[in-house]
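Just below is one structure, and these are the notes that go with it.
The values are calculated or read from the model by the stated rules, or taken from the named source; none is laboratory data. Predicted model, so just to flag it, every value in this text is computed and none were measured. No Cβ is skipped: glycine too gets one built from the backbone with ideal geometry, and neighbour counts run over all protein chains shown.
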């Protein structure tokens, strides 16, 4: 399993959310959620082929009923739910958890993930809060110019 722009986006978005104050579990959820969102946007919001979680959606809907909310990270908005006291993000009928991030993103990097995570944090620390809180500036200034370089470096 190789590293693609999808994994790079997920890691950078998770690091962005973490540096913006989200707990690590929620930051990982945000990272995976945003990677899925951008991949779907690029492909016209068709199915992404992401492996569905084993818990049935109907069971999760009952569990989170009344906890659905809109969350803003700067000017970027995502739908979220509170589950087991933690904030997780959703797209479609899927909840992206920190465990999903670990399975779909971290696992691809194997033992290298800690170094990748630390590098992502260091990259983002070079930018002011205005860039981190702007969807457009994050994409255009941080992600887009280095995405292919990071695919090669982290792969």
Q. Is it the case that some residue within region 54-61 is modelled with pLDDT under 95 and buried (at least 17 other Cβ atoms within 10 Å of the Cβ)?
A. yes
Q. Which pairs do you get when a residue that is without any contact (Cβ under 8 Å) to a residue 40 or more places away in the chain and on the phi < 0 side of the Ramachandran plot, found in region 66-93, comes within reach of a residue that is surrounded by fewer than 18 Cβ atoms within 10 Å (Cβ to Cβ) and part of a loop (DSSP other than H, G, I, E, B), reach meaning Cβ atoms under 7 angstrom, with the pair 6+ apart or on two chains?
A. 79/68; 81/67; 81/68; 82/67
Q: Give the residues of region 13-27 that are part of a helix (DSSP H, G or I) and in contact with a strand residue (DSSP E or B) (Cβ under 8 Å, 6 or more places away or on another chain), sorted by residue number.
A: 16, 17, 25, 26
Q: Return yes or no: is residue 85 modelled with pLDDT of 85 or more, closer than 17 Å to residue 24 by Cβ and surrounded by fewer than 14 Cβ atoms within 10 Å (Cβ to Cβ)?
A: yes
Q. In this structure, does residue 17 turn out to be touching a helix residue (DSSP H, G or I) at 6+ places or on another chain (Cβ under 7 Å) and at pLDDT 60 or above?
A. yes
